Every structure is written in structure tokens, then in C-alpha cells.
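Below you'll find the structure, written out as C-alpha cells, and then a few comments.
The values are calculated or read from the model by the stated rules, or taken from the named source; none is laboratory data. Note that the structure is a prediction, hence the values are computed from the model and not measured. FYI the Cβ positions are ideal-geometry reconstructions off the backbone, even for glycines, and counts take in every protein chain you see. We work out accessible area using only protein heavy atoms, side chains counted, and drop any ligands, DNA or RNA first. Shrake-Rupley method; radii C 1.70, N 1.55, O 1.52, S 1.80 Å.
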Amino acid sequence: MKVLNVCFYVTGSSSLLSQNEEFENKYQEIYKWFVSFLAEKPKSHLSFAFSGPLLSWIDREHPEFTQVLSKLTSRKQTEILGGGYYNPVFPLLFPQDRTGQIDLMTSELRRCIGKRPRGMAVFNSIWDNNLVSCIQSCGMEYVLLDSSLIPKEKQFYLPLMVNEQGRSLSVISVNREFIPNILIAPREYLRNLFDTINYLTKDDAYSSFTDERVVAIKIDENQFKKLCETKWLEKLFAVVEEYFSDTIKVTIPIEYLHREQTRIPSYIPAGIQSDVAKWAKKAYEEISVSNSSQPTIFDFLLTYRQNRALYNRMLYISLLINQCKGDKARKKIAREKLWIAQNGEGYVCDPDGVFANNAMRQHAYRNLTEAEKLVREAVKGGFKESVANYDYNGDGFGEYICAMKQYNACVSLKGAQITELDIIHNTGNYADSPRRIKQFDKVEDKYHRGLFVDHLFSVDEFAEYKKGMPTGNGIFSQTVFKELDFDAHRHEIKLSGSGMFSPIQAGVVLIKKYIANSSGFAIQYILKNDSPFDLKAVFVTESNYAQTDFSSVKANSYKVEVIMNEEKSEIDAKESPRSCKKISYMQITDTSNDISFVYEPNEICDLVCMPIIFRRPSSASDSPTISGNAFVASLCWNVELEAGKEIEKTINYSIIVPKKKSKKNKLTT
């Protein structure tokens, strides 16, 4: 190797939850310096990968930045990379959304910079070879991928060529092991870099084809800021010019690719960059990964149930939009909302192991709900309520999707619970609650937390339950129910589950019927003692509401009001479990969205409500930290059943959303 081409590129990402103040701080501390530095040093070369929202914000608030950037690209001193406008996880998207996101970013770059991109990066190097056709058809000549995805037998520090359905795409490997370190002097850094790659490629199969090699090095915002503050980067370019002018070229990828014709034919299997992939196989625990055992994004989704639930919802909305034949303007806006919800932050953790947080998921759910609302308005002939049965989440069981006026809900056979509840009044998924894990929360929930999760406890078990402790043998909450009857026309779902009441090993059967209406459900229970023994127990139906207030990790936006002994009162359960007896009505209000959930049981019952705190690992701490919470409300009945007898309970469940304020006509004179 005679010449090493080094392509530094800076990633300018931004969370969709970022505020203008955060954007402004980043601009002043990082991006402004970026163009100033390059403008003052014409022989310096750097590339940049913006997120779409960040680029649009900068162009709107600081047009002088994009004007200078346009000049820098014109003189081939910098290259602005393309990609998906909202940093999506491409393998999860339908082809129309993949090309749409790339084309949107390309259009924005052309508008702001005056030049279209020729190469792109993908979020966390989440790759699948079937992306080749889509990326190439969008006018891209190459893609940057993390070296952990490149087969070892193809790691020659040369561009790769991947193919799919007759289309070809160049790939440049990004090597994280060569990220600059301010503790190492620039001259020593460059010498080590050249010597290392020269040693690895000495006399290899491609030495007779080319005298040049290439390495791409990704620098994130924080690293770039340190390199700027210490003037390390400035010194590096000076050192290259003074000591390595014949052996090292700091260039931009497209310039190198247009000069170098050598390509290594390759196939790159589906995968994720290793520092994210290590979290994919075991929930919240690191595992070692290699090229031969590279996890994919689908492994990650199978490991993390809440992320998979968001993916299912996203696919559902994408299908609705694709099938919509109505108002094109509303359909277009709905697709834009869908693209916002496809941002990768809601589906996968970042490299430090900080997992897709509740706020990001709820933000995605909210945009998906807005998209569904627009599709409903766009449908020719108007929206019609429906209840459909199919395998919504790909688990082999049929789910019941209730698309009603006020909400969209998913009823699962597993526990006969509502696993998703999206209120059409532009809110997130109220059933988006995790379960406690012993390793982090010191206790282990044996069931997933949704709405209308049912339990049958002994008196002693119920005493533990009221303290917020896991208890019982999982009867009904872990039972896979069977369909007894389904009437799509009447919106009725009738399910049956059975199990053993452990204290006396008595067989019990629960028949549960959902009757969906425009603003909620009527839920009917028939509990039967199917054993020769008399049974004394506590029947509990539990609802877990995901938090919607993200002002702090312990924030609780739920207010509980009950009618107890014919008097209305408020129950304060924001910080600890509370219980009360003989209630006939309960209203839970999400004060951050002004949405209420009303429970009207046909018989007097008891109430248990409490917050549940969840802890997860974080890069900011050696021990698990609070990652969020859910609010639990449970209606409870003491039951005494003789052998062969049954009892019936009914709950009318209503969702109350704010009414639209009427606009008074203004008189003009």
C-alpha cells in the first residue's frame, strides 16, 4: 500500500423530542465551527451526515450555514451524505416508505445545499441485502456500513460491491476501532493508522490491483466537539500536509470512489453494528457477537416486546395508508406522520445500551394515531367501525383488532387482555407497559401488563397483591384463551380460559366476552367452579396504564375518582398502593391529555390502585436506574362458589375525550 485514503464523517443526529434550544446550542457549539473551519482551511476535507429534521431546522434558522456549506460542496471539500429523512430502520419498512424517506432527504439536501447526495449512511448500520435495489434506485452510488457487518474474508480496506436483482451498490466499511483519541497526538495517530492498515493488507490478493486503500471513520457530535475544543482536528490536517502528503489523503468518499475502480464482489448478510447487536439476543444483557452469529433487527424485536408492539402498529398503519383510495391530500399528510413514527430511536437502543425509551415510543404511537385519524377522514364513503380477527403481531395466534370511533384496540388470546389501546384523540398507546424483571426490579412479574388482565387469588395471595408484590400461579393472566364465538357484525368477542386454582387444586373456567362500541367496551365475565370442591377466592381484573407525562421518570399523570358508599371521592395513589372498599364507579383521568377512562361494574367491588416503577440498565450508571412507570387500577370481588356453580360480573368501560370547542361565527361589518 502506497496511499491510504481516510474519510472522516461527522454524524449530526437529533432526537425528534429535541427542542429549539437544544438545536441552537448544538449549532453554536458544533455545526457553526464545522463550516468555519473548512472555509478557513481549503485543503481540509470532512463529510457530514445530518438527520432530516436537523438539516431543515438549521436551514430555517441559520441560512448562512447552508450557504457556506453549498460553496464547500461545490469545491469538493465536503460531502453531505443522504439517507432516510427521519433516520428509519430500513429493513422494517415497506419499499414505498424506504424510497419515500430517502427521496425526501435527497430533496431537502438539494433544496438547502443545491446538490443531491451520492452516498448514504443507515441508522446503526441496520442492514439487509434486499435494500440494495431500493437504495440504488434512489440514485445512491454507495452506502457506509459498520465493519462488524463485513465478512472477515472481505476486509481488505477496499470498496465492496453488493448486488440484488441485477442492481449493484458500492459499500465502504466504517471502522470504529480507528476513532480519534485526543490523548494520542495527531502525528502518532496517523502513523499508527497507516502502519496498521499497511500490515493488514501487505501482499494480500488485491495488492497487484491497486496501490491505494480506504478507511471511513465515523465521528459523533460529542467526539467532534472535543476534537474541536482541543484543536486536535486542526493539528491533524496540518500534520497530514507536513509529514504524510505522499502516503495519506484525507478525502471525501465520492471523490475516492470515482478515482478508484477496484471493487470486491461481496454479499453482506443482514445485521446490526456490533455495539448495538450485543443487546439483541438477551433482554437488557450484553452478549458477544461475531460475523458468523450476527443478530438482525428482527432478533432485537423478538427480544423486546414493547419495541415489537410498536413495529406491529407501524406496519398496520402503513397498510392502511397504502390501501387508502380517498382524499390524496390527507393521505399524503398521513404518510408524513407515518415517516415520523418510523424514526429508529423508538425501535432499537443506542450503542451505549440506553434503550428506546417510553417517551420516544409514545411519540411514535401518537404520530401513528394521527396518521390513522387522517386515513379515516380520507376514506371514500366515510369511516366504518369494524372488528377483525387475524394474526396482527405474527405470534401464530389470531388477535382481534377493534377499529372504533374513539379508539383502536387489540385484544389478545394470551390472557384475553387488551394489549394495545390507541385513542384517536391524538395520543399514544395506553397499554404500552413492560413487566418487572427480577434482575433489575428485585421482583419478577409472570405476566405481561395490559388492560383487563384477570387473576384469581387466594385471600393470602391477594394480601400480597395489594402491596404490589407478584403473587399467584398465573391463572387467567398467563392462560391462552380459546375463541367460543366471534361476531364481527355485532362487534362481539367471546373467549374461554381454564386453569387450576392452586390452593385447593380446583379446576376453574372463565368465559370473557368483549362487546365493542364507539366509545369503549362492555366486558362480561362468567367464572365457573368446575371442580367438586367449594371455592373461596378473590377475582381481580387489572388495568395497567402507560405513563404519558415524561417531565420526570417518576411523573404520574393519572387521577382516580370513585363513588364509594354513594359519595364521590378522590384516591391518591401517585406514590404508593391504595385500596378502598365498596365502590360502584371509578374514573381514571390522564391529566396530561385530559382523557378519562370510566369503569362501571354491575356489582359493588373493591379497588386497588398503585404506581409500578420499572428499572433498567443505563450507560449513565453502574446500577439499574428508573426507566419509567405504569399506573395500575384493579377491580376486585370476593367470590364463594360451590362445586359446579358460576357467577357473572359485568363492567361497562367508557373512554371520554375532550369535546371540540365550538367556534362562534364572527360578524363582519
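Working only within the stretch 404-428, note down all residues that are in contact with a His (Cβ under 9 Å, 6 or more places away or on another chain) and of a type in the set (D, E, K, R).
If the condition is that a residue be in contact with a His (Cβ under 9 Å, 6 or more places away or on another chain) and of a type in the set (D, E, K, R), then 414 is the only one that fits.
Scan the stretch 302-338 for residues that are open to solvent by less than 30 Å² (accessible area, probe 1.4 Å) and in contact with a Phe, Trp or Tyr (Cβ under 8 Å, 6 or more places away or on another chain) and jot them down.
Within the stretch 302-338, 304, 307, 310, 312, 313, 318 qualify.
With respect to residue 543, determine if the residue is modelled with pLDDT of 90 or more, in a loop (DSSP other than H, G, I, E, B) and surrounded by 15 or more Cβ atoms within 10 Å (Cβ to Cβ).
Spelling it out, it is not the case that residue 543 is modelled with pLDDT of 90 or more, in a loop (DSSP other than H, G, I, E, B) and surrounded by 15 or more Cβ atoms within 10 Å (Cβ to Cβ).
Select from the stretch 619-636 the residues that are among the polar types (S, T, N, Q) and assigned to a strand (DSSP E or B) and write down the one among them that is modelled with the lowest pLDDT.
621
Given the condition of a type in the set (Val, Ile, Thr), touching a Lys or Arg at 6+ places or on another chain (Cβ under 9 Å) and either surrounded by 16 or more Cβ atoms within 10 Å (Cβ to Cβ) or assigned to a helix (DSSP H, G or I) (or both), answer yes or no: does some residue in the stretch 85-102 qualify?
Checked the stretch 85-102: no residue is of a type in the set (Val, Ile, Thr), touching a Lys or Arg at 6+ places or on another chain (Cβ under 9 Å) and either surrounded by 16 or more Cβ atoms within 10 Å (Cβ to Cβ) or assigned to a helix (DSSP H, G or I) (or both).
Just to confirm my filter: which strands (runs of 3 or more DSSP E) fall fully inside the stretch 396-505 and include at least 1 residues that are open to solvent by less than 10 Å² (accessible area, probe 1.4 Å) and farther than 17 Å from residue 522 by Cα?
399-403, 418-423, 453-457, 492-501
Within the stretch 136-147, work out how many residues are under 21 Å from residue 277 (Cβ atoms) and in a helix (DSSP H, G or I).
Selection size over the stretch 136-147: 1.
Which one of the conditions (1) in a strand (DSSP E or B); (2) of a type outside the set (S, T, N, Q); (3) surrounded by 19 or more Cβ atoms within 10 Å (Cβ to Cβ); (4) in contact (Cβ under 8 Å) with a residue 24 or more places away in the chain does residue 513 fail to meet, given that it meets all the rest?
The number of the failed condition is (4).
Is it the case that the stretch 60-81 has a residue that's in contact with a strand residue (DSSP E or B) (Cβ under 9 Å, 6 or more places away or on another chain), in contact (Cβ under 8 Å) with a residue 12 or more places away in the chain, among the basic types (Lys, Arg) and not in a helix (DSSP H, G or I)?
Within the stretch 60-81 (the criterion being in contact with a strand residue (DSSP E or B) (Cβ under 9 Å, 6 or more places away or on another chain), in contact (Cβ under 8 Å) with a residue 12 or more places away in the chain, among the basic types (Lys, Arg) and not in a helix (DSSP H, G or I)), the answer is no, since none of the residues qualifies.
Kindly indicate whether residue 570 is open to solvent by 20 Å² or more (accessible area, probe 1.4 Å) and in contact (Cβ under 8 Å) with a residue 40 or more places away in the chain.
The answer is no for residue 570.
So is residue 531 modelled with pLDDT of 90 or more and either of a type in the set (A, V, I, L, M) or in a strand (DSSP E or B) (or both) or not?
no
Just the residues that are under 30 Å from the mean Cα position of the chain (by Cα) and open to solvent by less than 30 Å² (accessible area, probe 1.4 Å), please, taken from the stretch 174-222.
Across the stretch 174-222, the qualifying residues are 174, 175, 178, 216, 217, 219, 221.
Give the residues of the stretch 72-105 that are more than 24 Å from the chain's Cα centre (by Cα) and of a type in the set (S, T, N, Q), sorted by residue number.
73, 74, 77, 78
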